[in-house]
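*Asks:* Dropping the structure in here first, questions after.
The values are calculated or read from the model by the stated rules, or taken from the named source; none is laboratory data. From a predicted model like this one, the values you see are computed outputs, not experimental measurements. Heads up, the Cβs are rebuilt from the backbone with ideal geometry, glycines too, and the neighbour counts pull from every protein chain shown.
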Amino acid sequence: MYFYRRIEIIAQHIVMKKREKKNTVWLILIVAVICSSLVALLNSMGFQHVLATLLSVSSLVVAAVGVILVYRELEMTNDIAEAEFIANINTAFVTNPEYKKVYVALDKYQRLLGCAAGREMLRQAEKDIEELDNSSISNYLTFFEVLNVLRKKEVMKISTIDDLFAYRFFIATRNKCIYRRKIAKGNFRNILELQELWEQYRRENGLEMYGEELCGDEVSFVRMGAPYLRDVLEIQSETFAHIEDAQLLRANSEAALYDCLVNHYVVGAFCNGELMGFGVLYFARDTEENLAQYVRTDVDDYSVYANIKLIIVREAYRGRGLQKQMMERLEAAARKRGIRELFATISPQNVHSENNFLAMGYTKEGYVEHKYGNYDRNVFAKVL
């Protein structure tokens, strides 16, 4: 709190000096105009014509010199105050242990990106960022929100901010984990405003853009086939390596995922060539996999039912609505194939997924014990 109070005091001092500079310049100019007008009046009245002219010239010269000297003095004072402010704000950043902890994790990840490090090293660096506590990340971002407020108050220019803080800012705001956990939720409007302006400034000046290329809305959805088997297996392995409760999700074998890619419908979400997640529409027909058998009676044609078998989103890309977007595409694919009703099984402990399905118009139709071996599941359904 002392740091932010100190910023406020120095910022007010800088603003005050700028106002003093403007006010003093205007005052001297007004005095000069009054003197000139007075001399002109004396001339028109015929009093001491020569002397008045000399006085007029000398007054204007003195006024001009005064303006220049005062302006220079105030500008020097303002520069000193601004330099003191920048030094203080930078010192506050580099000496703050909480900022340092966040910066070290982000810097490590950025350096590994830059040297094409192995996947395992990058994954560990991502994990280090994921393990940062929310308050530390929020405080780190709040530091830059303060900078944007000062920019809007004309205390600091974007060029000055860029010289000192560009790397420290962009390795945070253009990190997919930080973006997902904090910025994408809309809680840091000053960050988003500053980032847009700052990115434009760096592009216009041909400066390097630090951090990752985040997708924003540039996500492509593609139907996936057998060539993507390694990719879906990798995402499944990553998910199970971080899952806290093994009951939440059932692991599929390589043969099962291959069957999905070849004989069913799998949609993948991609950004800059990276697979962020995938979803499976499974045509169970009259096999034991058809979930209609658990909640529907007197079924004549099992081919009009299908399952949302699996949806997985990489941890770094969660919280961006990808599950919903993939479900929408799976539903559209089901309609085109004459499917009248979709089913899905969800662990009772997976409240997040249940809420997503309910929001998409699904209803809980039943409960199945010991499904898929030893998993208890709620059955959800949606009529298309």
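*Asks:* Restricting attention to segment 316-328, report how many residues are touching a residue at least 60 places away in the same chain (Cβ under 8 Å) and buried (at least 19 other Cβ atoms within 10 Å of the Cβ).
*Replies:* Residues in segment 316-328 being touching a residue at least 60 places away in the same chain (Cβ under 8 Å) and buried (at least 19 other Cβ atoms within 10 Å of the Cβ): 5 in total.
*Asks:* Here are some residues: Val379, Val351, Val304. Which one is within 39 Å of the chain's Cα centre (by Cα) and free of Cβ contacts under 8 Å to residues at least 40 places away in the same chain?
*Replies:* Val351
*Asks:* Only helices (runs of 4 or more DSSP H) wholly contained in segment 281-384 count here; list those with 3 or more residues that are out of contact with any strand residue (DSSP E or B) (no Cβ under 9 Å at 6 or more places or on another chain) and more than 30 Å from Cys177 (Cβ to Cβ).
*Replies:* Fully inside segment 281-384 and qualifying: 322-336.
*Asks:* Kindly indicate the residue of segment 372-384 that is of a type outside the set (A, V, I, L, M, F, W, C) and surrounded by 17 or more Cβ atoms within 10 Å (Cβ to Cβ) and also nearest to Leu322 (Cα to Cα) among those meeting that condition.
*Replies:* Looking at residues that are of a type outside the set (A, V, I, L, M, F, W, C) and surrounded by 17 or more Cβ atoms within 10 Å (Cβ to Cβ), I get Lys382.
*Asks:* Only one of (1) under 21 Å from Ala241 (Cβ atoms); (2) surrounded by 22 or more Cβ atoms within 10 Å (Cβ to Cβ) is not met by His352, so which one is it?
*Replies:* Here His352 clears every test but (2).
*Asks:* Only one residue in Ala269, Ala251, Ala241 is over 17 Å from Ala226 (Cα atoms), hydrophobic (A, V, I, L, M, F, W, C) and not in a loop (DSSP other than H, G, I, E, B), so which one is that?
*Replies:* Of Ala269, Ala251, Ala241, the one residue that is over 17 Å from Ala226 (Cα atoms), hydrophobic (A, V, I, L, M, F, W, C) and not in a loop (DSSP other than H, G, I, E, B) is Ala241.
*Asks:* Got a number for residues in segment 176-210 being touching a residue at least 12 places away in the same chain (Cβ under 8 Å), outside any helix (DSSP H, G or I) and more than 19 Å from Glu98 (Cβ to Cβ)?
*Replies:* Selection size over segment 176-210: 3.
*Asks:* May I pose another question? Out of all the residues in segment 224-257, which are under 18 Å from Leu322 (Cα atoms), over 28 Å from the mean Cα position of the chain (by Cα) and modelled with pLDDT of 90 or more?
*Replies:* If the condition is that a residue be under 18 Å from Leu322 (Cα atoms), over 28 Å from the mean Cα position of the chain (by Cα) and modelled with pLDDT of 90 or more, then Met224 is the only one that fits.
*Asks:* Might you let me know whether segment 140-149 holds any residue that is at pLDDT 90 or above and under 29 Å from Glu238 (Cα atoms)?
*Replies:* Yes, that holds for at least one residue.
*Asks:* With respect to Ile312, determine if the residue is surrounded by 16 or more Cβ atoms within 10 Å (Cβ to Cβ), of a type in the set (Val, Ile, Thr), under 16 Å from Lys382 (Cβ atoms) and not assigned by TED's automatic domain parsing to the domain that holds Ile129.
*Replies:* Answer is no for this residue.
*Asks:* Restricting the search to segment 285-309, which residues are among the acidic types (Asp, Glu) and either buried (at least 16 other Cβ atoms within 10 Å of the Cβ) or within 22 Å of Leu249 (Cβ to Cβ) (or both)?
*Replies:* Glu288, Glu289
*Asks:* Within segment 154-175, how many residues turn out to be modelled with pLDDT of 85 or more and in a loop (DSSP other than H, G, I, E, B)?
*Replies:* So the answer is 3.
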